[in-house]
1. I need the Kirkwood Rh of the range 46-121: take the reciprocal of the average 1/r across all distinct C-alpha pairs and report it in angstrom.
2. Pop the C-beta distance of N349 and Y316 into the FRET formula with R0 = 30 Å and round what comes out to the nearest 0.05.
3. So how far apart, in nm, are the two label points at A338 and N367 if each is 7 Å from Cα heading toward Cβ?
4. Roughly what % of DSSP beta bridges within the range 211-316 run antiparallel, to the nearest 5?
5. To two decimal places, what compactness ratio does the range 206-336 give when its Cα radius of gyration is scaled by 2.2 N^0.38 Å?
6. Full-extension gain between K251 and K205, please, as 0.36 nm times their residue separation minus the C-alpha to C-alpha distance.
7. When ranked by the protection proxy of mean other Cβ atoms within 10 Å per residue, highest first, what sequence do the peptides 143-152, 271-280 form?
8. Using a 10 Å cut-off on Cβ atoms, rank the peptides 296-307, 83-94 from the highest mean neighbour count down.
Amino acid sequence: MDILDPINSLICFLINEIHKSEQKEVTNIMENEHHNHSDHPGHMIEDFRKRFWISVVLTIPILMLSPLIQHFLGIKEAFSFRGDIYVLFALSTLTYFYGGFPFLMGLFNEMKKLQPEMMTLIALAISIAYFYSSAVVFGVKGEVFFWELATLIDIMLLGHWIEMKSVMGASKALEELAKLMPDEAHKIDDGGNVADISVSKEAIKQLKEMGIKPMMLTGDNKQVAKWVADELGLDDYFAEVLPDKKSEKIKEVQNRGMIVAMTGDGVNDAPALAQADIGIAIGAGTSVAVETADIILVRSNPKDVVSLIKFSKATYRKMIQNLIWATGYNVIAIPLAAGVLYSQGIILNPAIGAVLMSISTIVVAINAKLLKVS
């Protein structure tokens with residue numbers, strides 16, 4: 001009984017924590033019916049963080065009391081005592097209902113919408129492991145999978161915690177960028193500024209180095225348009241284009257088999273921005289152009305278009321990397337776990353396969369956080 005006293009104290013503490021946590025979840029749901037909480041994502045991140053660390057604390061004794069781990073580490077005699085299987089069951093039950101609560105709630109919500117997704121998959125995995133192992137504890141012949149259950153919950157909580165922090169960080173960054181957008185715009189007259197020309201030249205140079213053909217669409221006369229095009233090193237230009245004809249010029253370029261991205265800021269640019277494959281509006285431009293475009297630049301700096309393209313390419317590379325990782329796991333681990341090479345003595349324990357699948361979530365989240373643009 002002396003050995004069980006500390007465990008009993010820990011169980012009582014965690015039961016109290018579960019009760020308070022679930023009350024808080026219910027309170028937030030009720031409050032959200034009447035109020036719009038802007039800090040709710042922050043609460044969710046904190047909730048996942050708390051559940052992760054408490055589940056990790058619970059996982060330690062679960063590992064020490066699991067027969068397979070005891071056999072593997074040679075610690076069976078040191079950690080075995082009368083009734084240890086029931087203590088293992090109690091700790092695993094707390095981990096399942098406390099650490100697995102977000103996934104069980106996700107299962108309920110997804111089933112209610114008839115849209116099973118990742119939460120359903122996780123909830124089914126931990127539920128099967130828990131209820132089967134519980135049945136073994138109370139007499140059904142078989143092996144318990146409590147340590148696999150606990151580690152799976154730990155890894156999935158960690159993966160979701162990291163992912164939510166990343167999304168929250170991106171949202172805050174977008175909010176800060178939005179604050180930089182001016183409420184009023186002032187257009188400089190045609191007196192000209194040499195610095196502006198040099199900045200445009202550098203931007204055009206970088207675009208051409210990336211294999212992009214810069215073109216100009218303007219309502220100015222041909223002489224002015226030609227001078228500007230030559231000065232900047234543009235590949236082509238369209239001059240004396242009436243406002244209602246700009247979208248037709250975009251179609252003309254598209255008919256050449258090109259993917260067109262257009263940058264504009266005026267009311268007359270809106271149809272062309274909509275026609276282009278990618279519409280890029282200047283944040284200081286008219287509201288019509290901003291509403292029509294796919295992307296909005298905060299500053300009126302041509303180099304921002306270059307940065308935008310570099311960022312999109314870096315993001316695409318990350319997507320490919322993550323896709324390769326996820327596909328590679330599925331192509332290799334799932335067949336091995338299914339026993340494709342069993343005849344040759346090669347098989348992957350399904351529990352280990354589940355853990356590897358969970359680790360892939362963490363790898364993808366960490367890889368996404370390593371996104372950098374030079």
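Rule-based calculations on the coordinates, nothing more; no lab input. The structure presented is a predicted model; accordingly, all values stated were derived computationally and were not measured. Neighbour counts run over all protein chains shown; Cβ positions are idealised from the backbone, glycine included.
1. Every distinct Cα pair counted, the radius reaches 14.1 Å.
2. Values: r = 36 Å, r/R0 = 1.19.
That pair, N349 with Y316, gives E of 0.25.
3. It is 2.2 nm.
4. 0 percent
5. On the way: Rg = 18.6 Å, N = 131, 2.2 N^0.38 = 14.0 Å.
The reported ratio for this selection is 1.33.
6. 14.1 nm
7. Output ranking for 143-152, 271-280: 143-152, 271-280.
8. Final packing ranking: 83-94, 296-307.
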